[in-house]
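K.L.:
After the structure tokens below, expect a handful of questions from me.
The values are calculated or read from the model by the stated rules, or taken from the named source; none is laboratory data. Nothing here was measured: the structure is a model prediction, and the numbers come from that model. Note that each Cβ is placed from the backbone with ideal geometry, even for glycine, and that neighbours are counted across all protein chains shown. Ligands, DNA and RNA are stripped out before the accessible areas are found, and what is left, the full protein with its side chains, is counted by its heavy atoms. Shrake-Rupley method; radii C 1.70, N 1.55, O 1.52, S 1.80 Å.
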Amino acid sequence: MGATTVSKTEVLAKVRETGSLVGEDLSGIDLSGEDLSGVDFSRALLKDARFGSTNLSEAKFHEANLQGADLQGAILDKAYLVAADLMGANLREAELSGAFLSGANLGGASFEDANLRGAHFGVVQASFPNPSGRPTSFRNADLSEAVIGATDFRGADLRGANLSGAFLYEAKLRGAIIDKTQYEGAFTRAESF
């Protein structure tokens, strides 16, 4: 686990001053419980960072490396996670309503009990096996009204996930761990399951 050489106090001062942490190496930093809404973390190295219960609403994580990060209970409503690397990240009970996750690597991440209502997924890697060695979990997650296009869910755990009103377009669902009755109320143009 890498450790940042920048202190939490310095990071928060920079956020207040510029609102941007673009390209910063903040591996291992603990920013739990802070209000970092709207902060730009694009291309930042955030491996093993801790953001538990942090407000990250509308934050930008474009191409950020969040491998192994702890975001349990974080608020990421309308966050921009396009092309972010969330391999092995913990997003249990996180709020990701309306978040953008297109092109993200979600291999081995846990979204158990997370709220992903109205989130946008496109060309997302969520399949198993993956380099994390763990399946991606959306167990009991709220994916209602989510727009899910060209996403590979093979081997992902979707048991108990709410797919009501979700639009599944060209999603690879064969091999996902799911009860087929969960598709009731979803709009599917997915491969057969």
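K.L.:
Filter region 58-79 down to residues that are assigned to a loop (DSSP other than H, G, I, E, B) and polar (S, T, N, Q), then give me how many there are.
P.N.:
Looking only at that region, the number is 2.
K.L.:
Determine which member of the set Val82, Val6, Val22 is at pLDDT below 95, assigned to a loop (DSSP other than H, G, I, E, B) and open to solvent by 20 Å² or more (accessible area, probe 1.4 Å).
P.N.:
Selected residue: Val6, the only one of Val82, Val6, Val22 that is at pLDDT below 95, assigned to a loop (DSSP other than H, G, I, E, B) and open to solvent by 20 Å² or more (accessible area, probe 1.4 Å).
K.L.:
Any idea how many residues of region 4-31 are polar (S, T, N, Q), closer than 15 Å to Ala59 by Cβ and touching a residue at least 24 places away in the same chain (Cβ under 8 Å)?
P.N.:
Selection size over region 4-31: 0.
K.L.:
Can you tell which of Phe121, Phe128 is closer than 17 Å to Ala176 by Cβ and not in a loop (DSSP other than H, G, I, E, B)?
P.N.:
Of Phe121, Phe128, the one residue that is closer than 17 Å to Ala176 by Cβ and not in a loop (DSSP other than H, G, I, E, B) is Phe121.
K.L.:
Could you list, in sequence order, the residues of region 85-100 that are small (Gly, Ala, Ser) and buried (at least 24 other Cβ atoms within 10 Å of the Cβ)?
P.N.:
Ala89, Ala94, Ala99
K.L.:
Would you pick out the residues in region 59-79 that are surrounded by fewer than 24 Cβ atoms within 10 Å (Cβ to Cβ) and more than 21 Å from Lys8 (Cα to Cα)?
P.N.:
His62, Glu63, Asp77, Lys78, listed by residue number.
K.L.:
Let me ask something additional. Filter region 9-19 down to the residues that are open to solvent by 50 Å² or more (accessible area, probe 1.4 Å) and not charged (D, E, K, R), then identify the one that is nearest to Leu91 (Cα to Cα).
P.N.:
Thr9
K.L.:
Among the residues of region 115-153, which ones are at pLDDT below 95, open to solvent by 60 Å² or more (accessible area, probe 1.4 Å) and touching a Ser or Thr at 6+ places or on another chain (Cβ under 7 Å)?
P.N.:
Val123, Phe128
K.L.:
While we're here: Find the residue count for region 160-193, including only residues that are at pLDDT 90 or above, within 19 Å of Gly118 (Cα to Cα), in contact with a strand residue (DSSP E or B) (Cβ under 8 Å, 6 or more places away or on another chain) and open to solvent by 30 Å² or more (accessible area, probe 1.4 Å).
P.N.:
Total satisfying the criteria: 2.
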